[in-house]
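Read through the structure below, which is laid out as structure tokens, and then see the notes.
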Amino acid sequence: MKLVTFQVGKGAARAGALVEGGARVLDLQAAHRARYGKASRLLASVLAMIEAGDSAVDLAQALAKNLRRMKSAMLDVGAVQLLAPVPEPPQMRDFLCFEKHLIQGFEQIRRMRASQSPDPAAALKEMEQKGLFSVPKVWYERPIFYHPSRFCVIGTGVDVHWPAYSKTIDYELEFGCYIGKRGRDIPREKAREHIFGYTIFNDFSARDEQTIDMGGQLGPGKGKDFDGANVMGPCLTTADEMPDPYRLDMRVRVNGEERGRGNSRDMHWKFEDCIAHASRSETLHPGEFFGSGTVGDGCGLEHARYMQKGDTVELEVEGIGVLSNRVV
């Protein structure tokens, strides 16, 4: 199923499912009332559904099979606001899974630094010989991650407000998975069993601020944390509809112009690796989000082509949909 969290006007957030090819939203709680005469705690929210697991998905699928009897519980998708599938995830981790993104990103950083010297060509050659601004050895040894702010999450169609402290805003084409089952010390070969479903992730970045903060060797800091920085959606595609998450075409467009494309098959680290690594001596909980990191050619940094105020960026991932936001 394609699950969504939606809102009508200023009403409360509700759990729904995209039906009729994504043209309409089935209000799952309203559908349950129409069929059984009462609400279901399993359908209270998308997070509640993740926590309930298969029983909630089975119930939602049963309701969606009787759409002719559920007309009163359906709304046109244009009449609602889609929020992030889980508006406040219990926890977020964003990994660096695509080697091409790192190689091209570091190459651009070397070029930018070299351009500030009296002899750019000589400076670039020296940095390359010394291995400066190159993929660190540890990246090939383990899947590394940082914790984005779960309070900066928004959904598709919402304007992202340019942070006042930055002059350089970038998009990042990612997708990610939601943990569906609690677990600790999860072996890689069983990690897929802990994935509930997948969504698209735009990890907006203030590149100028990120460059400064990462000099402190602690993390991206305010380069990543500002209201609306973590955009997720438009839906959560359940794992049963995604038998192979490692062959998905991924594209990014800015104002309708394609800026980059890639495929999830190029992930050096798979979500199974990330789950096994993160769960070492630590319990993972239902609803936690794991980001893939940026696919190669999936951000402006790799080609020194950043966003302008008023730009609309669209991220498309096969089997999930299109995530669209304007920067204002």
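May I ask you to verify whether ALA17 is under 19 Å from LEU236 (Cβ atoms) and surrounded by fewer than 21 Cβ atoms within 10 Å (Cβ to Cβ)?
no
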Original post:
Can you name every residue in region 103-150 that is over 21 Å from SER205 (Cβ atoms) and in contact with a Ser or Thr (Cβ under 7 Å, 6 or more places away or on another chain)?
Top reply: ALA123
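Of a type in the set (Val, Ile, Thr) and exposed (fewer than 15 other Cβ atoms within 10 Å of the Cβ), is that true of VAL254?
Against the criterion (of a type in the set (Val, Ile, Thr) and exposed (fewer than 15 other Cβ atoms within 10 Å of the Cβ)), VAL254 does not qualify.
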**OP:** Determine whether region 272-284 contains at least one residue that is under 14 Å from the mean Cα position of the chain (by Cα) and under 20 Å from LEU96 (Cα atoms).
**Re:** no
Original post:
When you scan region 42-142 for helices (runs of 4 or more DSSP H) that lie fully inside it, which ones turn up with 1 or more residues that are touching a Pro at 6+ places or on another chain (Cβ under 6 Å) and aliphatic (A, V, I, L, M)?
Top reply: 46-52, 99-115
Subject >> All positions within region 222-250 that are in contact with a Lys or Arg (Cβ under 9 Å, 6 or more places away or on another chain) and aromatic (Phe, Trp, Tyr) >> reply: TYR246
Subject >> Qualifying positions in region 209-268 - under 30 Å from ALA60 (Cβ atoms) and either over 18 Å from the mean Cα position of the chain (by Cα) or among the polar types (S, T, N, Q) (or both) >> reply: ASN230, THR237, THR238, ASP240, PRO243, ASN263, SER264
Subject >> Residue selected from region 197-207 under the condition under 17 Å from LEU18 (Cα atoms) and either of a type in the set (Ser, Thr, Tyr) or surrounded by fewer than 24 Cβ atoms within 10 Å (Cβ to Cβ) (or both), by the criterion nearest to the chain's Cα centre (by Cα) >> reply: THR199
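Every read-out reported here was derived from the displayed coordinates using simple, explicitly stated rules and does not represent laboratory data. It should be emphasised that the depicted structure is a prediction, and the values quoted were computed from it without experimental measurement. Cβ coordinates were reconstructed from backbone atoms using ideal geometry, including for glycine residues, and neighbour counts include every protein chain displayed.
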